There are 2 protein chains.
Amino acid sequence: MPYRRWKRHGHRHGMHRMTEPRRCIMKIFEENAGHLSAEEVFMLANRYLPNIGMATVYRTLDILSQMNYINKIVSYDGRARYELVRDNKIHTHLFCVNCGRVFELPSLSEDLIERLKKDINGNAENMGIDVHSFDVRIQGLCPECKKNK
Amino acid sequence: MPYRRWKRHGHRHGMHRMTEPRRCIMKIFEENAGHLSAEEVFMLANRYLPNIGMATVYRTLDILSQMNYINKIVSYDGRARYELVRDNKIHTHLFCVNCGRVFELPSLSEDLIERLKKDINGNAENMGIDVHSFDVRIQGLCPECKKNK
DNA sequence: ATTGATATTGATAATCATTCTCAATAATAT
DNA sequence: ATATTATTGAGAATGATTATCAATATCAAT
């Protein structure tokens, strides 16, 4: 999402003022690929805003999720991760049922994704739901945990 | 999983004794389709075992997950749900980013699932991971929350 | 069947991510 | 510049899940 559209878009989701902490957290997601936990976002933001509070981080992450600017992902360790929404990117994640970590797997083939989209959007329309994003999730053991079994 | 294989299978995952609470919880999953929270399992078990403790429920759910007898699903409300593993059933769940509830969507078409399996198992082999199950997850708004926006 | 070793239990306390509260502060419209 | 009020940060509160530990129940060996 381009910088200048933040405010306009945010207004629809309860973000009425553009503040330092919010600017900073959005920047962090623009600059860091990957799955950041709230704690990690907090530590990164801390470099620029030493007084930022954890509550602000959570509040901002919440709003950005509602805006569909970031995706919230919850794993088995009961900790949420957040990642920037990128157009047309469908993730395949491995969730290790043993250690709780999240791993990104190679993307599915293009036409498989196209067929998935078609299938899902058809169902979505019938059910009156609003699809923000979707992904394929694998439950299983990561390489490390598989070895130690 | 047939009753008589429980013990044999469980032994590999740290379940060395077959006890009343464990028998009861496994029965609950056999008899209840759907996504049960730990709290719900606790209340159902309570009917038969009035003294069962919450800790036992969590411990048992943990072992049954490790055994791949049930699937653990974590939603946006920070509460886990568990469901019996059924062969060849690939779920498509909607996770409402607003209210946290989980909804089951109509199953994907047979051949789409077959192609997904092939693709995923190929990647799994390359990465040395152990796939217990996989599912498609949609992040978005449920019918109710969509209306109230 | 009895026994002994020990896995499992239930009650409770502890943990840890997340949310709430509220007075102080800062962003925006005017 | 000022008034309005959304937002902040600190710390307390919440709520799901885990750890602790003495008491108990299971099962293998006898």
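The values are calculated or read from the model by the stated rules, or taken from the named source; none is laboratory data. Note that the structure is a prediction, hence the values are computed from the model and not measured. Glycine gets a Cβ as well: all are built from the backbone with ideal geometry, and neighbour counts include every protein chain shown. These accessible areas exclude ligands, DNA and RNA; they are computed on the full protein's heavy atoms, side chains included. Shrake-Rupley method; radii C 1.70, N 1.55, O 1.52, S 1.80 Å.
What to note about this one:
- In the stretch A:36-149, lysine pairs closer than 29 Å at Cα, eight or more apart or cross-chain: 7
- The H on the amide N of B:Asn98, modeled in the peptide plane, is under 5 Å from the matching H of B:Cys142, each at least 5 residues off or on a different chain.
- Three-way shape label, chain B, alpha-carbon gyration tensor, a/c 1.5: oblate
- In percent, rounded to a whole number, the relative contact order of the stretch B:1-86 is 30, using alpha-carbon pairs under 8 Å and six or more apart.
- Using bins of 5 Å that start at zero, the share of Cα-Cα pairs per bin across the stretch B:87-149 amounts to 4, 16, 21, 18, 15, 13, 8, 4, 2, 0, in whole %.
- Sum of -39500 (n - 2.57) over DSSP H runs of 4+, divided by residues of the protein assembly as shown (222 nm, nearest 500): -13000 deg cm²/dmol
- Anisotropy class of the protein assembly as shown from Cα gyration tensor, a/c 1.5 cut: prolate
- Local electrostatic count, B:Ser107, Cβ distance below 13 Å [Lys/Arg +1, Asp/Glu -1]: -4
- The residues neighbouring A:Ile63, those whose beta-carbon lies less than 12 Å from its own, together hold a net charge of +4 under the Lys/Arg +1, Asp/Glu -1 convention.
- Among B:Met43, B:Met18, B:Met127, the largest mean-square fluctuation in a Gaussian network model of chain B (Cα springs under 10 Å) belongs to B:Met127.
- Virtual spin-label span in nm between A:Leu49 and A:Arg101, 7 Å along Cα→Cβ: 3.1
- In this view, the solvent-accessible surface of A:Leu36, computed with a 1.4 Å probe and all protein chains in place, comes to about 20 Å².
- Estimated translational D of the stretch B:1-86 in µm²/s (Stokes, Kirkwood radius over Cα pairs; 37 °C; 0.692 mPa s): 253
- Taking the stretch A:87-149 and dividing mean pair separation by its residue count, relative contact order in percent (alpha carbons under 8 Å, at least six apart): 49
- In this structure, B:Lys146 and A:Asp111 have a Cβ-Cβ separation that, at R0 = 30 Å, corresponds to a calculated FRET efficiency of about 0.55.
- Based on Cα contacts under 8 Å between residues 6+ apart, chain A shows a relative contact order of 19 percent.
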